[in-house]
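Asks: One structure, as structure tokens, below. Some questions next.
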Amino acid sequence: MKNNKYITYVLLLISTGIWCIVAYRIYAAIKDKEPAVCQAVIKSTKSVIKDSAVLLLNYRDPFSEEVTPEKINKEKKIPKKKIKVTPQKQPAVPLKVEVLPDFQYKGIIRFGKSVKAIANRNGETIILKPKEKIGEFLVAIITDEKMTVVRNGKKYGLLRQ
């Protein structure tokens, strides 16, 4: 019994010491300290090289609609290069705009040997058979997974959705 009494006192003393250390560290961290001032100042012996780049700040101001005037560094002026602009000729043939199918292939319906496709265009369900037109497209081939349509000789494959 005596032995347990001494162990209790030793552990109590160690615990008190640990809590004192923790409290001191918290106090030291919270306490306002002034940063240490270095007494010695090292002077740089390197010479400063001026930047030779010239900024042209003639971009549009993102906060207003105006374009800021061109500002040039007055130490060095860069001569402006003359750019020769040649007018471009308009193409003789107008460009063709590719039109993509504006409908989705939804599935297939089989009636014996005949096959019909289910398509959805602008929220409307349409039932189509091969060689039938939908808009500017002609239905060419209908399979379980894919419907092929043709417009101006160009084939488009629509996967089932």
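The values are calculated or read from the model by the stated rules, or taken from the named source; none is laboratory data. As the structure is a prediction and not an experimental result, all values here were calculated from the model. No Cβ is skipped: glycine too gets one built from the backbone with ideal geometry, and neighbour counts run over all protein chains shown.
Asks: What number of residues within segment 124-161 are acidic (Asp, Glu) and without any contact (Cβ under 8 Å) to a residue 24 or more places away in the chain?
Replies: Result for segment 124-161: 3.
Asks: For residues that are closer than 14 Å to Val99 by Cβ and exposed (fewer than 14 other Cβ atoms within 10 Å of the Cβ), tally how many sit in segment 134-149.
Replies: Our first condition is that a residue be closer than 14 Å to Val99 by Cβ; within segment 134-149, this holds for 134-138, 149.
Right, trim to exposed (fewer than 14 other Cβ atoms within 10 Å of the Cβ) and you get 135-136.
Counting residues in segment 134-149 that are closer than 14 Å to Val99 by Cβ and exposed (fewer than 14 other Cβ atoms within 10 Å of the Cβ) gives 2.
Asks: Do you know which residues across segment 150-161 are within 17 Å of Arg121 (Cβ to Cβ) and loosely packed, with under 10 Cβ neighbours inside 10 Å?
Replies: Leu159, Gln161
Asks: Here's something else I'd like to know. Test of understanding: among Lys133, Lys33, Lys82, which residue is modelled with pLDDT under 65 and at negative phi? Talk me through it step by step, then tell me what you get.
Replies: Working: Lys133 fails: modelled with pLDDT under 65; Lys82 fails: modelled with pLDDT under 65.
The match here is Lys33.
Asks: For segment 95-124, which residues satisfy the criterion of being loosely packed, with under 10 Cβ neighbours inside 10 Å and under 23 Å from Asn152 (Cβ atoms)?
Replies: Across segment 95-124, the qualifying residues are Leu95, Lys96, Val97, Glu98, Leu100, Asn122.
Asks: Now a separate question. Considering only segment 85-108, I want to know if a residue exists there that is closer than 30 Å to Asp51 by Cβ, at pLDDT below 85, out of contact with any Pro (no Cβ under 6 Å at 6 or more places or on another chain) and among the aliphatic types (A, V, I, L, M).
Replies: Checked against the condition, which is being closer than 30 Å to Asp51 by Cβ, at pLDDT below 85, out of contact with any Pro (no Cβ under 6 Å at 6 or more places or on another chain) and among the aliphatic types (A, V, I, L, M), segment 85-108 yields no hits at all.
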